Amino acid sequence: MGETIAQNRRARHEFTIEDTFEAGIMLRGTEIKSVRAHHVSLADAFARIERNEAWIIGLHIAPWGATDVRFNHEPKRTRKLLLHRDEIDELLIKTKAKGLTVVPLEIYINDRGLAKIRLGLAKGKQTWDRRHEIAERDAKRDMARQVADARKR
């Protein structure tokens, strides 16, 4: 796959991911330099389909420090996502019909050196879903700890 730049851990906590898509991001010169330097935050980002095009909104890419202000980019500008037409249509249908959301999961640099973003088609979790998931994770951790203690004896 390549080098992972940033992950949206909160997305997996707040949403149930049903399907994933890989998309390119249309970036300017100073933006790709900042991405490669890991100056990216997915915390408030989300994707939207408008006018039959996919857009990422709220993705924060820090300005490149070694560039003059007039050649630099705006950190939270809306950026176009590069997807195939059938993928955009599928996302549009599923978000309209099933009430799903398109959430960015991670940004990475692929083997060819291009910045890619992994999008998840997600359904929001209820509070009890999250509590149930935390309880299951704690139970698995306790069982693994008990098995490890039993092996030591």
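Can you work out D for segment 10-141 in µm² s⁻¹ from Stokes-Einstein, where Rh is the Kirkwood radius over C-alpha pairs, the temperature is 10 °C and the viscosity is 1.306 mPa s?
98 µm²/s
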Among 81, 41, 120 the positive-end extreme of the charge dipole of segment 3-125 (Cβ point charges)
41
If we count other beta carbons within 10 Å of each Cβ, what is the order of 88, 61, 56, fewest first?
88, 56, 61
In debye to the nearest 20, how big a dipole does the chain give about its Cα centre with +1 on each Lys and Arg Cβ and -1 on each Asp and Glu Cβ?
440 debye
Can you list residues whose amide H is under 5 Å from residue 106's amide H, if they're 5+ apart or on another chain and H is modeled 1.01 Å from N?
8, 118
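Every read-out reported here was derived from the displayed coordinates using simple, explicitly stated rules and does not represent laboratory data. The structure displayed is predicted, hence computed values, not measured ones. In this analysis, Cβ positions are derived from the backbone assuming ideal geometry, glycine residues included, and neighbour counts consider all displayed protein chains.
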